[in-house]
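Worksheet for the structure shown next.
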């Protein structure tokens with residue numbers, strides 16, 4: 001019984017980070033109707049950002065989060081102008097291919113620079129024990145910081161002028177333009193925010209597990225599942241769905257081989273897409289939360 | 001007139017350099033996982049092969065009868081992907097006209113490449129494909145230079161029995177052909193040794209978070225852990241076992257802890273064991289080629305990284321091919337194959353001998369492994385051989401520090 005509880009708690013902690021990773025991709029979709037396939041590469045960029053800051057400058061890993069967040073924002077704005085701006089309003093396949101191409105370039109550059117060797121950011125934080133089970137301090141800190149970042153995002157969207165403009169553009173771009181909102185700038189800002197979220201989630205993941213240039217694929221895949229469960233374009237839904245997915249993994253693993261959980265997750269993914277295209281969390285809502 | 005012929009010869013040589021060089025050059029083709037999850041071990045293996053090539057060429061080439069052949073490599077990045085391997089080995093044979101082949105890294109990629117090498121009747125020496133199944137399909141041109149997967153954890157099981165005859169073992173391993181073959185065999189050996197199998201669990205090779213599995217290990221009450229797969233998963237497993245204080249007394253992980261990079265895990269590396277094809281401290285007396293000490297020193301001088309068993313296995317593929325060509329006195333494939341079939345030698349890498357039966361041709365039957373463990377020496381993590389007794393350089397750290 002203690003084992004199941006430990007597994008559930010562990011799922012909760014890791015699920016929160018899944019949720020944060022998915023918030024970036026769902027935010028960009030919610031505002032811009034763009035499936036950002038650079039998401040995995042940006043997560044990896046966040047991981048390497050922390051690694052480089054820690055190894056080159058010797059600063060603590062958690063102090064590296066803010067620079068990574070800022071760098072992610074500017075990278076996102078640059079991504080918007082390079083690959084997305086001309087694709088806005090065109091068929092979704094075009095922006096999908098454009099971001100996929102940028103993803104290939106980024107992964108290629110990363111592979112040429114670092115190879116696919118495993119990198120490790122050593123962080124020592126006291127955890128807590130529940131009987132024979134130990135929960136590393138890094139996992140707890142990652143979940144707490146995820147909650148903080150999600151809270152800040154909520155305040156930004158609902159309490160600031162820029163945030164309200166983002167929601168207005170997401171709800172109706174043409175109407176937003178008619179009332180004087182600079183929609184292009186807001187789209188660039190949103191892309192910056194989405195990529196910053198991906199980067200900071202990568203930064204947090206780097207404190208939990210070793211990583212390579214190719215690690216982003218696994219988290220991007222997981223982000224898609226979480227996004228669909230939480231509702232496309234719904235950051236709050238993504239966070240809740242991420243935690244739900246983590247809890248599911250925690251609950252399932254004591255009773256079945258771990259390799260089966262991924263299969264079940266993707267079965268759920270397909271079922272939800274068919275039965276609830278708006279996502280489980282959005283059932284009963286007319287529009288996703290960001291709108 | 002003489003000037004005319006001299007100019008003609010020089011002009012011809014410049015116009016057709018390949019023809020001019022073709023007579024005294026052997027082309028060896030291989031794919032390397034320059035990218036992808038097999039990158040660390042595959043590149044280490046390539047470094048070993050390149051080291052052999054450079055030494056051979058510096059000494060004037062391989063002597064075959066009255067001729068000497070310089071060695072030329074043609075390599076491609078297989079991206080750790082099986083689909084690329086077949087395409088690239090076909091290219092190596094058909095377009096690059098490789099005389100001989102070295103295998104790619106890993107059992108999965110070797111099985112894929114072997115289909116092509118057999119189809120074209122090309123000799124392929126393998127330094128990184130341990131799963132025996134590939135060599136039990138009636139292949140005629142495939143030669144396994146390292147210990148087969150069935151014996152990888154045999155030493156770890158035997159060493160554990162000496163320490164704790166009533167051990168509770170958790171087998172946690174990557175869902176790939178090599179790791180499955182290793183664990184299937186180790187499972188039988190563990191049962192024969194009288195151990196309790198507390199847990200047997202596989203995971204996808206792309207797994208990045210092992211927390212749920214480690215919780216299962218803890219719940220199972222296991223005190224010994226055997227398994228892993230390749231570098232990324234093995235290193236992550238070791239780190240998380242340490243972070244989650246799994247309470248294990250004995251950890252043996254495949255492949256990953258052999259790499260010098262494993263020491264970057266710090267305290268998480270301490271006490272972790274790895275079944276190793278070769279370690280610099282081994283004391284084999286070679287019939288030919290460098291001694292283990294000479295190899296280790298020269299490899300370090302060249303690469304500035306301490307040689308691991310993948311580097312050594314890359315070198316041995318070249319050294320065995322060289323020996324076979326020298327014995328055959330020719331680069332004729334049939335003669336070289338016959339010489340390889342007869343090989344029964346001891347080198348810096350240990351003993352090497354290939355099975356000759358129709359159903360296991362090319363399977364390695366001579367080489368033996370050692371068990372190495374990361375231990376703290378003068379404040380620095382170093383690998384020591386802890387099993388078998390004859391090769392031991394340090395006593396085994398058992399049980400592991402409580403942090404594990």
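The values are calculated or read from the model by the stated rules, or taken from the named source; none is laboratory data. Not measured: the values here are computed from a predicted model. Here Cβ is always computed from backbone atoms with ideal geometry, including for glycine, and neighbour counts include all displayed protein chains.
If you scan segment B:291-309, which residues turn out to be more than 12 Å from residue B:51 (Cβ to Cβ) and in contact with a helix residue (DSSP H, G or I) (Cβ under 9 Å, 6 or more places away or on another chain)?
B:292, B:306, B:308, B:309
Output the helices (runs of 4 or more DSSP H) that fall wholly within segment A:137-188 and possess 3 or more residues being under 20 Å from residue A:61 (Cβ atoms), or say none. Reasoning before the result, please.
On the way: elements: A:137-159, A:161-171, A:173-178.
Ranges flagged: A:137-159.
Can you tell me which condition residue A:194 does not meet? The list is (1) within 14 Å of chain B (Cβ to nearest Cβ); (2) within 13 Å of the chain's Cα centre (by Cα), and all the others hold.
(1)
Among the numbered criteria (1) touching a residue at least 40 places away in the same chain (Cβ under 8 Å); (2) in contact with a helix residue (DSSP H, G or I) (Cβ under 6 Å, 6 or more places away or on another chain), which one does residue B:356 miss?
Going through (1) touching a residue at least 40 places away in the same chain (Cβ under 8 Å); (2) in contact with a helix residue (DSSP H, G or I) (Cβ under 6 Å, 6 or more places away or on another chain) one by one, residue B:356 breaks only (1).
What are the residues in segment A:215-243 that are in a helix (DSSP H, G or I) and within 14 Å of another protein chain (Cβ to nearest Cβ), if any?
Across segment A:215-243, the qualifying residues are A:216, A:217, A:218, A:219, A:220, A:221, A:222, A:223, A:242.
Step by step: first the residues of segment A:249-283, then only those that are in contact (Cβ under 8 Å) with a residue 12 or more places away in the chain and closer than 14 Å to residue B:213 by Cα, then the one that is farthest from the other protein chains (Cβ to nearest Cβ). Which residue is that?
A:251
Which members of segment B:222-240 meet the condition of being part of a helix (DSSP H, G or I) and more than 7 Å from chain A (Cβ to nearest Cβ)?
Within segment B:222-240, B:233, B:234, B:237, B:238, B:240 meet the criteria.
Residues in segment B:175-189: is at least one within 13 Å of chain A (Cβ to nearest Cβ), more than 26 Å from residue B:144 (Cβ to Cβ) and either surrounded by fewer than 24 Cβ atoms within 10 Å (Cβ to Cβ) or touching a helix residue (DSSP H, G or I) at 6+ places or on another chain (Cβ under 6 Å) (or both)?
No.
Select from segment B:144-174 the residues that are touching a strand residue (DSSP E or B) at 6+ places or on another chain (Cβ under 6 Å), within 14 Å of chain A (Cβ to nearest Cβ) and crowded, with 19+ Cβ neighbours inside 10 Å and list them in ascending order.
B:170, B:171, B:172, B:173
If a residue has to be within 18 Å of residue A:258 (Cα to Cα) and more than 14 Å from every other protein chain (Cβ to nearest Cβ) to count, how many in segment B:190-203 make the cut?
Matching residues across segment B:190-203 total 1.
Check whether at least one residue in segment B:49-60 is crowded, with 20+ Cβ neighbours inside 10 Å and free of Cβ contacts under 8 Å to residues at least 12 places away in the same chain, and report yes or no.
no
Check A:44, A:14 and return the single one that is modelled with pLDDT under 90, surrounded by 24 or more Cβ atoms within 10 Å (Cβ to Cβ) and within 18 Å of residue A:203 (Cα to Cα).
The conditions single out A:14.
Could you list, in sequence order, all residues of segment B:311-335 that are over 18 Å from residue B:30 (Cα atoms) and assigned to a helix (DSSP H, G or I)?
B:323, B:324, B:325, B:326, B:327, B:328, B:334, B:335
Scan segment A:122-177 residue by residue and report those that are in contact with a helix residue (DSSP H, G or I) (Cβ under 7 Å, 6 or more places away or on another chain), over 26 Å from residue A:65 (Cβ atoms) and within 14 Å of chain B (Cβ to nearest Cβ).
A:130, A:131, A:132, A:133, listed by residue number.
Give me the residue from segment A:1-59 that is outside any helix (DSSP H, G or I) and away from chain B (no Cβ under 14 Å) and, out of that set, farthest from the chain's Cα centre (by Cα).
Going through the qualifying residues, I end up with A:58.
Is it true that residue B:316 is within 11 Å of another protein chain (Cβ to nearest Cβ) and at negative phi?
Against the criterion (within 11 Å of another protein chain (Cβ to nearest Cβ) and at negative phi), residue B:316 does not qualify.
Would you pick out the residues in segment B:277-314 that are under 22 Å from residue B:389 (Cα atoms), touching a strand residue (DSSP E or B) at 6+ places or on another chain (Cβ under 6 Å) and crowded, with 21+ Cβ neighbours inside 10 Å?
B:279, B:309, listed by residue number.
So which of B:141, B:89, B:105 is crowded, with 20+ Cβ neighbours inside 10 Å, in contact with a helix residue (DSSP H, G or I) (Cβ under 9 Å, 6 or more places away or on another chain) and within 14 Å of chain A (Cβ to nearest Cβ)?
Values: B:141 fails: within 14 Å of chain A (Cβ to nearest Cβ); B:89 fails: within 14 Å of chain A (Cβ to nearest Cβ).
Of B:141, B:89, B:105, the one residue that is crowded, with 20+ Cβ neighbours inside 10 Å, in contact with a helix residue (DSSP H, G or I) (Cβ under 9 Å, 6 or more places away or on another chain) and within 14 Å of chain A (Cβ to nearest Cβ) is B:105.
What residue, of B:336, B:305, is more than 20 Å from the chain's Cα centre (by Cα) and assigned by TED's automatic domain parsing to the domain that holds residue B:102? Give the steps one after another, and end with the answer.
Numbers: B:305 fails: more than 20 Å from the chain's Cα centre (by Cα).
When all the criteria are applied, what remains is B:336.
Picking from B:219, B:264, B:206, B:211, which residue would you name as being facing chain A (nearest Cβ under 9 Å) and buried (at least 23 other Cβ atoms within 10 Å of the Cβ)?
One residue alone meets the criteria, B:211.
Condition (residue is crowded, with 19+ Cβ neighbours inside 10 Å, farther than 23 Å from residue B:74 by Cβ and over 20 Å from the mean Cα position of the chain (by Cα)) applied to segment B:362-378: is it met by at least one residue?
Checked against the condition, which is being crowded, with 19+ Cβ neighbours inside 10 Å, farther than 23 Å from residue B:74 by Cβ and over 20 Å from the mean Cα position of the chain (by Cα), segment B:362-378 yields at least one hit.
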